[in-house]
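Enquirer: Below is a structure I'd like to ask you about.
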Amino acid sequence: MKNTVKMMILLAVALLVTSVTAFADGWTVENNQWTYYQNGNKLYNTWKTDSAGNYYYLGSDGVMVTDRFVEDERYVDADGKMVTSAWRQLNGRWYYFDAAGKSIRDRIRQINNRWYYFGPDGMETGWVSDDNGNYYYADPADGHILTGTWKRLAPAEEMTPEESSFAGDGTYWYYFMGSNGRMVKAEADSYKTQNIEGRQYCFDEYGCMQTGWVRVEETDVPIAGFRYYNDTESIGPLGAAHTGWLSAYPPEQAGFGTDVVWYYFDSKGVPYYGTEIEDGTDDEALAAKFKKLSKNGTTNTYLFNKYGNPVYGLRKVVRKDGEVTSMYFGNANECCLQLGEKNITEADGTVSTFHFESNGYGYNGVKNNRLYYMGKLQKATDDTYAYYTVKDKRYLVTRSGTLAKNVNNGGSKKDKYEFDYKSDSKGEDAGGLAGDSELDVPSFVVTDF
C-alpha cells in the first residue's frame, strides 16, 4: 500500500514538471524560431523585450519577425531587434529611426548636429520644401541640409526666376541659413535684404541672389529706395550691397539718365542723395546738405542731387537759414566744393568773377571793397555807375565791380545819361536819383536728364 501511494506521488510530480516545461512563460525556441509565451499562451502581433530591454516583434503566426518594417514605421534587423537611434539603408533609401524606433518621415530632423529632410520614403536629397513653402538643399552625397553657406545651383523645377547677368548658365546663387538651412527668399513680387556676415545681400521670391541696381522699397525720393549689389568682384564681394564710391550707369528708370555717373553708398548700402527745394523759380535749388567724403585719398565736401549724383558746376543752394545763394563744385571730374575767388564759366557761357566763403557759400554783400550777390561780382554795365541793393542796402559800383565812394555826380556833373549818382564814404547811396539796376543773377547748372 505504501509503495502504491509513493508511486502515485512520483507520477504526479513528473506530470507537473512536464506541464511547466511545456508551457513556461517567456521566450522559447520552436522549430528553430523564437516565440513568446505569457500565462502559458503564445503571443501574436505584439512587441516583447528581452532581458536587456531590446524590443522584438511577434508576427501573426507568433514567430519573431526579422529584417522588415513593422507597423509601417518601425524596423527590425536580421536578429529581430527593433532599430533605434540609427540609420539604415533599405531598398536603396536611407531611413533614420528615433529612440522610440519610429522612422522619421515628412519633416526636417537634426541628427548629430546636422539637419536632414525626410519624405514619406526616407531621406531626401537635392531641393526639398516643407508645407510652409520654405526651401532647403540636401547634399546629394550624404543628404545633410546645407546650413550657413552659399551654393550656386540650378533652380528647383517649380522655380521660375528671371535670368541673371552673373549666372547666364542657368544657375543662381542661393544662401541657406545657419540655424536650420532654410533658403533666404522674399515674398511674392518683392525683394528681401539679408545681413550675412556683416554685409547686406538681396534675394528675390525664388531665393536668387541679386546683382546690380535693385529697388528694394518705394520711397518719395526714388533713388533712396535703390541699392547697388556688386555684379563683379572687382568692386567688392559679389552680390553684397556696394558701399563707398561707385561709377556706374544709373537705374533703368525714367528720369535717371543714361550716362555713367558717380554715386556714394553708406555702410548699409543706402545712396546719398540731395533734396530739391521749390524757391518760386523754374531753376533747380538744392538744400545745403553736405557730405565730407574721401576719394582717392583726399577728403572733400560734396553735395548730391535727388538722383544720387554729386553735383558739379555752379549750383543754386538754399542755406539752412533760408537764404538762397550759389556754390561751386568744380568740373565734372571734381564734383567737390570749391572756395575763394574764382572766375567761372556759367551755364549760359558767361565768364564771371565769384567769391565763396570758407563755408562754400557765395557771398552776399561787400567783400574786399567789391559787391557780390549770390557770390557773383556786381558791375555797372550800361552806365559809368550802377546802384544795386543787396541785403537791404543800396550800393554804388563801377564797371569793374568796386564800390564807388564819395561820388557826387549832381548839378553840371551828370553822366551822359543825365542820371544823378551819389554815394558816401562806404559806397552806399547818398541820395542819388538813379534807379536800381537789376541784380546780375548767376546762370546755374541744373540736373536735367
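The values are calculated or read from the model by the stated rules, or taken from the named source; none is laboratory data. Since we're looking at a predicted model, the values are computed, not measured. Note that each Cβ is placed from the backbone with ideal geometry, even for glycine, and that neighbours are counted across all protein chains shown. Areas reflect the complete protein model, heavy atoms only, side chains present, ligands, DNA and RNA absent. Shrake-Rupley method; radii C 1.70, N 1.55, O 1.52, S 1.80 Å.
Enquirer: Working only within the range 67-86, note down all residues that are surrounded by fewer than 17 Cβ atoms within 10 Å (Cβ to Cβ) and either within 26 Å of residue 109 (Cα to Cα) or under 56 Å from the mean Cα position of the chain (by Cα) (or both). Before the answer, list the steps.
Expert: Going residue by residue through the range 67-86, those that are surrounded by fewer than 17 Cβ atoms within 10 Å (Cβ to Cβ) are 67-69, 71-73, 77-79, 84-86.
Passing the criteria: 67, 68, 69, 71, 72, 73, 77, 78, 84, 85, 86.
Enquirer: When you check residue 339 against the structure, is it hydrophobic (A, V, I, L, M, F, W, C) and open to solvent by 20 Å² or more (accessible area, probe 1.4 Å), yes or no? It would help to see each step written out before you state the result.
Expert: Numbers: hydrophobic (A, V, I, L, M, F, W, C): yes; open to solvent by 20 Å² or more (accessible area, probe 1.4 Å): yes.
It is true that residue 339 is hydrophobic (A, V, I, L, M, F, W, C) and open to solvent by 20 Å² or more (accessible area, probe 1.4 Å).
Enquirer: Also, I was wondering about something else. Is there a residue in the range 216-228 that is acidic (Asp, Glu), at pLDDT 95 or above and in a loop (DSSP other than H, G, I, E, B)? Write out each step before concluding.
Expert: Our first condition is that a residue be acidic (Asp, Glu); within the range 216-228, this holds for 217-218, 220.
Right, trim to at pLDDT 95 or above and you get none.
No, that holds for no residue.
Enquirer: In the set 395, 328, which member is crowded, with 21+ Cβ neighbours inside 10 Å, touching a Gly at 6+ places or on another chain (Cβ under 8 Å) and closer than 30 Å to residue 242 by Cα?
Expert: Details: 395 fails: closer than 30 Å to residue 242 by Cα.
On inspection, the qualifying residue turns out to be 328.
Enquirer: Name the residue that is modelled with the lowest pLDDT, counting only residues in the range 23-50 that are under 60 Å from the mean Cα position of the chain (by Cα) and part of a loop (DSSP other than H, G, I, E, B).
Expert: So, considering only residues that are under 60 Å from the mean Cα position of the chain (by Cα) and part of a loop (DSSP other than H, G, I, E, B), the one modelled with the lowest pLDDT is 50.
Enquirer: I've got another one for you. Within the range 90-119, work out how many residues are among the aliphatic types (A, V, I, L, M) and touching a residue at least 60 places away in the same chain (Cβ under 8 Å). First the steps, then the outcome.
Expert: At the first step, the residues of the range 90-119 found to be among the aliphatic types (A, V, I, L, M) are 90, 99-100, 104, 108, 111.
Now drop any that are not touching a residue at least 60 places away in the same chain (Cβ under 8 Å), which leaves 108.
Of the residues in that region, 1 qualify.
Enquirer: Also, quick follow-up: Which residues, counting only those in the range 208-251, are open to solvent by less than 40 Å² (accessible area, probe 1.4 Å), in contact (Cβ under 8 Å) with a residue 12 or more places away in the chain and among the small types (Gly, Ala, Ser)?
Expert: 212, 224, 239, 240, 241, 244, 248
Enquirer: Just for strands (runs of 3 or more DSSP E) wholly inside the range 120-160: which have at least 1 residues that are touching a residue at least 60 places away in the same chain (Cβ under 8 Å) and surrounded by 12 or more Cβ atoms within 10 Å (Cβ to Cβ)? So that I can check it myself, show each step before the final result.
Expert: On the way: elements: 126-129, 135-138, 149-153.
Output list reads 135-138.
Enquirer: Okay, moving on. I'd like to know if the range 407-417 contains one or more residues that are at pLDDT below 95, assigned to a strand (DSSP E or B) and either surrounded by fewer than 18 Cβ atoms within 10 Å (Cβ to Cβ) or touching a Pro at 6+ places or on another chain (Cβ under 6 Å) (or both). So that I can check it myself, show each step before the final result.
Expert: Pass one, the range 407-417, residues at pLDDT below 95: 407-417.
Filter once more, so that each one left must be assigned to a strand (DSSP E or B): 408.
Checking the rest, the ones that are also either surrounded by fewer than 18 Cβ atoms within 10 Å (Cβ to Cβ) or touching a Pro at 6+ places or on another chain (Cβ under 6 Å) (or both) come to 408.
Yes, the range 407-417 contains a residue that is at pLDDT below 95, assigned to a strand (DSSP E or B) and either surrounded by fewer than 18 Cβ atoms within 10 Å (Cβ to Cβ) or touching a Pro at 6+ places or on another chain (Cβ under 6 Å) (or both).
Enquirer: Within the range 92-106, can one find any residue that is open to solvent by 50 Å² or more (accessible area, probe 1.4 Å), assigned to a loop (DSSP other than H, G, I, E, B), touching a Gly at 6+ places or on another chain (Cβ under 9 Å) and farther than 30 Å from residue 179 by Cα?
Expert: No, there is no match, as no residue in the range 92-106 is open to solvent by 50 Å² or more (accessible area, probe 1.4 Å), assigned to a loop (DSSP other than H, G, I, E, B), touching a Gly at 6+ places or on another chain (Cβ under 9 Å) and farther than 30 Å from residue 179 by Cα.
Enquirer: A further question follows. Using beta carbons and a limit of 7 Å, which pairs, at least six apart or on different chains, have the first residue in the range 424-439 and more than 24 Å from residue 352 (Cβ to Cβ) and the second one open to solvent by 80 Å² or more (accessible area, probe 1.4 Å) and at pLDDT below 90?
Expert: As it stands, the answer is 433/419, since those pairs meet every condition given.
Enquirer: Next question. Name the residues in the range 258-272 that are under 19 Å from residue 447 (Cα atoms) and open to solvent by less than 40 Å² (accessible area, probe 1.4 Å), would you?
Expert: Looking only at the range 258-272, we keep the residues that are under 19 Å from residue 447 (Cα atoms), and these are 258-264, 271-272.
Matches in the range 258-272: 261, 263, 271.
Enquirer: Starting from the range 317-336, keep only residues that are of a type in the set (D, E, K, R), then list their pairs with residues that are open to solvent by less than 20 Å² (accessible area, probe 1.4 Å) and assigned to a loop (DSSP other than H, G, I, E, B) whose Cβ atoms are within a distance under 6 Å, requiring at least 6 positions of separation or different chains.
Expert: 319/288
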